[in-house]
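This report concerns only the one structure given below.
The values are calculated or read from the model by the stated rules, or taken from the named source; none is laboratory data. Remember, it's a predicted structure, so these values are computed and weren't measured experimentally. A quick note on method: Cβ atoms are made from the backbone with ideal geometry, for glycine too, and the neighbour counts reach across all protein chains shown.
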Amino acid sequence: MAKLTINENKKCGTIAPEIYGHFSEHLGRCIYEGVYVGEKSDIPNVNGMRSDVVEALKEIRVPVLRWPGGCFADEYHWMDGIGEKQSRKKLVNTHWGGVTEDNSFGTHEYMELCRQIGCKTYVNGNLGSGTVREMSEWVEYMTFSGVSPMADLRKKNGHEEPWVVDYFGVGNENWGCGGNMTAEHYANEYRRYQTYVRQFNKEHPISKVACGPGTADPWWTRKLLEICYDHAPEDSHGFMDLMSMHYYVVPGTWEHKGAATEYTDEEWYRTLRKSLFMDRLIRGHEAVTDQFDPDKKIGFAVDEWGNWFDVEKGTNPGFLYQQSTVRDALVAGITLNIFNKHCDRVRMACLAQTINVLQSVILTEGDRMVKTPTWHVLHQFRHHQGGALLQSGLTGVEEIGMGEEKVPAVTESVSEKDGVVTLTLNHLSLTDSADLSVQFADDRKREIVEASVVKSDDVHDCNTFDEPGVVEEKAFTDYRMEGRQIDVRLPAASVVLLRIK
Ligand code: AHR
């Protein structure tokens, strides 16, 4: 029988709540329709933000929301999105579907959305096609409290007080859609642009995020740190607080990624195997980063991650709309456990993308909304936010899969907060259940205070507007307490939460 050992006396760092962050881009129906419907909409809203969506995001305790992109960010000129809505510029969204961007959702609306959700702000600046002055003025507009041209403009536009910008991204994927730069070129540009991301608010300084590598490119990481690290200060909130990295799970090729809801058993295992690559990716960049920054002053922000499938049939290919099944639930569970285990370096992560795009937590159609299986996994995992990672390890876990697609049957992570231990388990097998014995280091008698599972009879199941509750978090009872040991029977293809006191 597989065994999980938990050493509750060995704390291995704090799981930053921001690891459970989200990403919202001006892409398809993420912002428009997804969350922003405008003040005059018949859909219940507060200042234009859909109340049902905001409520659902609050339920999973979204800690931080990245905006306005992605690739969109390096073509976004923030001044187009302020002032009277009727006179805001109408533009073509060249990256995503060639649709009209009317700029009715801009800085003020984004800040209002974060206020309603109660999350931190993460604004991604434009280094690819914007000027240093433009970036610097945006920061002044958002965060300066005194008298200045930009602060005065903000006040004129109806917001007297500055906002708090928790994180500011200096460009996005600048090795690709953000300007096709070489690592050396970007690193030098980063040095220049970040200089003018001023810290106007000394009590809430901005954490600066540099554009990190495209997937497994150690060269980018090395060059960036070689050119920039000597400027990193002793304390945080300085030159570079975080380095971003992006990784999408694509089961097929970029041309034929594979369908979201129709997949073979082999594709199931291939997708899960590829999601496990996140661990190697982090380790690889960590090995390079450790050479410059052994004290871990710079954190990683995996600010785009998730499954990327072919778009749903009949939808705009530039909108990246896809359904979400039990396979997405497993990829979410596997990835979040990996982030938890790397919490000493991974300080933020943003699932791409919140609503109606890629691995969303919410889908909308008119006034209807569904929570995807991924939403339910984030609801289970929310208990890890801010917890202390506990030392834990599995033995006797089988390797399962098909052909070359081999994966471990079970993955886990364990944290503790306010005297409650949260354990999240993924069972990757399509066919069999698995028995797991959970053992604590000490002899104290314990009780399970909460247990839930996300699974379904068919792994291809998804939640639709007509049947929104097919794959949900449900009560889990298949466990037995035996002294200091808990015997758990994990159902096939499931994500299980146990909370133990
Ligand atoms: O999330 C979709 C796109 O993927 C983002 O705009 C970009 O940063 C990445 O390539």
> If you take the residues of the stretch 459-477 that are exposed (fewer than 15 other Cβ atoms within 10 Å of the Cβ) and of a type outside the set (Ser, Thr, Tyr), which of them is farthest from LEU336 (Cα to Cα)?
Replying inline: ASP466
>> Pull out all pairs, ordered by first then second residue, where Cβ-Cβ is under 6 Å, the residues are six or more apart or on different chains, the first lies in the stretch 27-46 and is in contact (Cβ under 8 Å) with a residue 12 or more places away in the chain, and the second is aromatic (Phe, Trp, Tyr).
In response: LEU27/TRP96; GLY28/PHE319; GLY28/TYR321; ILE31/PHE105; TYR36/PHE105
> If you go through the stretch 175-182 one residue at a time, do you hit one that is surrounded by 22 or more Cβ atoms within 10 Å (Cβ to Cβ) and more than 16 Å from the ligand (Cβ to nearest atom)?
Replying inline: no
> Does GLY146 satisfy being farther than 19 Å from ARG115 by Cβ, buried (at least 21 other Cβ atoms within 10 Å of the Cβ) and in the same structural domain as VAL64 (by TED's automatic domain parsing)?
Replying inline: no
>> Looking at the structure I just gave you, is MET1 touching an Asp or Glu at 6+ places or on another chain (Cβ under 6 Å) and more than 16 Å from the ligand (Cβ to nearest atom)?
In response: yes
>> So in the stretch 428-480, with the set limited to residues that are of a type in the set (Ser, Thr, Tyr) and in a loop (DSSP other than H, G, I, E, B), which one is nearest to VAL377 (Cα to Cα)?
In response: SER456
> Which of the residues spanning the stretch 4-31 are within 16 Å of the ligand (Cβ to nearest atom), of a type outside the set (Gly, Ala, Ser) and part of a strand (DSSP E or B)?
Replying inline: HIS22, PHE23
>> I need every pair where a residue in the stretch 47-60 that is closer than 9 Å to ILE362 by Cβ and touching a residue at least 60 places away in the same chain (Cβ under 8 Å) has its Cβ under 8 Å from the Cβ of a residue that is assigned to a helix (DSSP H, G or I) and not β-branched (Val, Ile, Thr), sequence separation at least 6 or different chains.
In response: ALA56/TRP375
> If we keep just the residues of the stretch 57-78 that are surrounded by fewer than 24 Cβ atoms within 10 Å (Cβ to Cβ) and among the aromatic types (Phe, Trp, Tyr), which is nearest to the ligand (Cβ to nearest atom)?
Replying inline: PHE72
> List, please: which pairs have Cβ atoms under 6 Å, are six or more places apart or on different chains, and start with a residue in the stretch 283-306 that is in contact (Cβ under 8 Å) with a residue 40 or more places away in the chain and within 14 Å of CYS343 (Cβ to Cβ) and end with one that is among the small types (Gly, Ala, Ser) and outside any helix (DSSP H, G or I)?
Replying inline: ALA301/SER244; VAL302/ALA349
>> Show me the helices (runs of 4 or more DSSP H) found entirely inside the stretch 61-172 where at least 1 residues are over 22 Å from TYR193 (Cα atoms) and among the polar types (S, T, N, Q).
In response: 107-117
> Quick one: which strands (runs of 3 or more DSSP E) sit completely within the stretch 302-420 and have at least 3 residues that are surrounded by 23 or more Cβ atoms within 10 Å (Cβ to Cβ) and among the hydroxyl-bearing types (Ser, Thr, Tyr)?
Replying inline: 410-417
> In the stretch 157-167, what residues are away from the ligand (no atom under 16 Å from the Cβ), under 25 Å from the mean Cα position of the chain (by Cα) and either buried (at least 19 other Cβ atoms within 10 Å of the Cβ) or not assigned by TED's automatic domain parsing to the domain that holds ARG347 (or both)?
Replying inline: TRP163, VAL165, ASP166
> Does GLU75 count as within 24 Å of ALA16 (Cα to Cα), assigned by TED's automatic domain parsing to the domain that holds GLU25, more than 17 Å from the chain's Cα centre (by Cα) and of a type in the set (Asp, Glu)?
Replying inline: no
>> Among (1) surrounded by fewer than 16 Cβ atoms within 10 Å (Cβ to Cβ); (2) within 22 Å of ALA2 (Cα to Cα), there is one condition LEU498 misses while meeting the rest; what is its number?
In response: (1)
> Just a yes or no: is a residue in the stretch 292-314 of a type in the set (Val, Ile, Thr) and more than 24 Å from THR422 (Cβ to Cβ)?
Replying inline: yes
